[in-house]
Structures are given as C-alpha cells and as structure tokens.
1. Pick out which of 234, 244, 51 has the largest mean-square fluctuation in a Gaussian network model of the chain, springs linking Cα atoms closer than 10 Å.
2. Kindly rank 112-118, 155-161, 99-105 from highest to lowest mean number of other beta carbons found within 10 Å of each residue.
3. Please report how far the C-alpha centroid of the range 16-52 lies from that of the range 102-158, rounded to the nearest whole angstrom.
4. Relative to the longest principal axis of the C-alpha atoms of the chain, give the angle of the C-alpha long axis of helix 66-90, reported between 0 and 90° and rounded to the nearest 10°.
5. What number comes out for accessible area per residue over the chain if the probe is 1.4 Å? Units Å², please.
6. Between residue 23 and residue 255, what is the label-to-label distance in nm when each label sits 7 Å out along the Cα-to-Cβ direction?
7. Name the residue from 39, 164, 251 whose Cα lies farthest towards the positive end of the charge dipole of the chain, charges +1 on Cβ of Lys and Arg and -1 on Cβ of Asp and Glu.
8. Give the calculated FRET efficiency between residue 132 and residue 56 to the nearest 0.05, with a Förster radius of 22 Å applied to their Cβ-Cβ distance.
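The values are calculated or read from the model by the stated rules, or taken from the named source; none is laboratory data. Treat the numbers as computed from the prediction; the structure is a model and nothing was measured. A quick note on method: Cβ atoms are made from the backbone with ideal geometry, for glycine too, and the neighbour counts reach across all protein chains shown. Keep in mind that these areas ignore ligands, DNA and RNA; they rest on the heavy atoms of the full protein, side chains included. Shrake-Rupley method; radii C 1.70, N 1.55, O 1.52, S 1.80 Å.
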Amino acid sequence: MKRHFEDLQLGSIELFCLAAEASSFTAAAQVAGVTPAAVSRSISRLEERLGSRLFVRTTRSIRLTDGGRTFFEQCRQALTQLVEAQQEMMGAQSVPSGLLRISIPTTYGHHRILPLLPKFRALYPQVSVDIHISNRNIDFVAEGYDLAIRVRAQPDSTLIARLLEDARLVVVAAPSYLKRAGTPQALEDLPDHECIQYELPSNGRRISWLFQVDGKEREFAGEAGYSCSDDVLGGVTLAKHGAGLFQTYKFIVEDELANGSLVEVLRPYGGRSRPFTLLYPHGRYVPHRVRAFVDFLLEHRAEWAAL
C-alpha cells in the first residue's frame with residue numbers, strides 16, 4: 001500500500017472540518033489553539049492540493065461550496081473513525097463518556113425519552129446529554145447529532161434505523177364534549193363532529209386520521225374549526241378542554257384516559273399505528289456512548305409494546 005498523505009496532511013483536513021462545523025475560521029482556530037490566519041493558510045493549501053474551492057469566503061463569513069460539503073461529510077466520518085479507533089486501542093472508551101447529542105420529536109421526547117434520561121445517566125455518569133426537542137428534520141453531519149428519533153422515518157442509506165415501537169393511535173374527547181355533541185358510533189358520524197386537525201409544520205398538510213374497518217385500512221380527512229401544528233400536545237389540550245375529537249398516540253393520553261379527563265371513542269375502528277425509529281449514522285466505529293444509549297433504548301421496547 002502506497003502513502004497518500006505526504007503532501008495532504010491530516011491536520012489540514014481536521015482544521016477544515018473544524019471550520020466547516022463552526023462556519024468560522026476564528027472559531028476553528030480557538031478550538032485548535034492556533035491563529036485564524038494559520039487556519040486560513042492551511043485550508044488554502046488544501047484547496048490548492050485538491051484543485052477545488054471548499055469555501056465561499058466573504059469579509060464576514062464563510063460557507064461550504066457544494067463540493068466542500070461533500071468533502072466535509074466524507075472527511076468528518078473518516079476522522080471520527082480514526083479517533084474512535086485510536087481511543088479503542090488506548091482503552092479510553094472502555095467506559096462510555098463524552099457528549100451525546102440527540103434530536104427527538106416533542107411528543108416522544110416528553111412521554112418516552114426524557115423520563116428515562118436520569119436512569120441512563122445513573123448508569124453512565126461520564127456521558128453528558130444534549131437534547132434537541134423539535135419535529136423538524138436535521139442534518140446529522142452539519143449539526144453534529146449522534147442520534148435522532150423520528151416518526152415514519154424515510155429510508156436513508158447513510159443511516160442505521162432501529163424500530164423503537166409502533167405507537168397505537170386512538171381517538172379521544174372530553175366527557176363535556178361528548179355530553180354536548182354525542183358520542184360517534186361509526187366513521188360516518190365524524191363529519192357531524194368537531195375533529196381537531198394536526199398540520200405538518202414543514203408544508204401545512206393536514207394529517208389524515210387512520211382507521212381499520214373489517215380488516216381494511218381507512219383514512220379520514222375532515223374539516224375543523226381547530227387545527228394545530230408543530231406540537232401534537234396542542235391538540236390534546238384542546239380535546240381535554242372540550243374542543244372536539246382528536247386522534248393521537250395512546251402513550252400520550254394514558255394518564256388522561258386513566259383519570260377520565262379524556263375518553264376513547266370509535267374503539268372498534270382502531271388498531272392503526274405509526275412507527276417511531278431510532279436513527280444514527282453508519283460507521284465502522286460507533287462511539288461507546290452511542291452504543292450504550294442505543295442498547296438502553298432497545299431494552300425498553302418490550303415494555304412500550306405492552307402498553
């Protein structure tokens with residue numbers, strides 16, 4: 001095997017990745033303990049060696065070119081693998097440690113993941129956790145996340161996907177609403193009811209309600225005087241205060257169903273669900289903190305499925 005890095009030094013690639021992550025030569029210099037001018041010169045030499053511009057520079061900012069972004073994604077993964085390989089050889093990762101960055105949707109975060117984090121940190125006190133709670137899609141590479149949880153995740157060859165659960169859907173309403181408007185007995189009754197809608201924040205599209213009739217899947221897309229977006233819990237709160245019917249995940253409203261502040265309706269037409277999936281980047285070397293968290297969540301799948 002011949003050498004490839006006599007001229008193209010790994011240190012220059014590392015400085016390039018630091019600058020790309022921070023969108024700043026100055027910030028990269030502070031992390032690396034060098035001057036901004038040294039970072040700029042190193043990246044210029046790298047660009048000259050590659051024969052391609054990596055950044056578009058202005059007097060106030062830098063941003064990656066299209067080619068620079070592709071190069072960054074590949075280099076970041078390669079450097080991560082080198083670091084992990086070195087740490088494993090040195091035994092530095094025998095105990096999970098470091099910062100774990102997780103992106104989770106609001107509902108799953110509040111009702112599934114956040115309650116478990118104290119237990120996880122009790123097991124692995126050397127791991128600190130940075131939690132991003134949002135329903136928007138993320139860029140693993142550009143934003144530096146280790147893991148994400150998403151509902152109905154799309155196939156992606158760059159990510160490993162592990163199913164956490166198929167979350168059952170239920171239609172609920174407050175007793176006060178049912179006393180006022182009556183209890184729907186069939187799907188044909190829904191147009192006569194106030195059906196609170198949830199809209200996708202990315203495109204404003206209303207999410208259809210999912211049902212099962214005689215073993216066949218059915219959808220309902222109704223008109224409503226109420227709609228909410230970005231946070232499903234808004235629809236739950238509206239339903240609890242008598243605004244109308246709302247379809248949501250059963251795990252969100254378990255306490256309300258137990259104490260009677262919400263009532264499940266149309267139960268014979270239930271049985272539908274949506275999948276929540278754990279995602280993390282492909283890589284030969286997965287940090288121990290990531291492996292530990294993946295295993296920790298997968299251990300809870302059986303108890304979630306039983307609820």
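1. Checking each option, the largest mean-square fluctuation is seen for 51.
2. 99-105, 112-118, 155-161
3. For the range 16-52 versus the range 102-158, the Cα centre distance is 30 Å.
4. Relative to the chain, helix 66-90 is tipped by roughly 80 degrees.
5. 55 Å²
6. 3.7 nm
7. 39
8. 0.20
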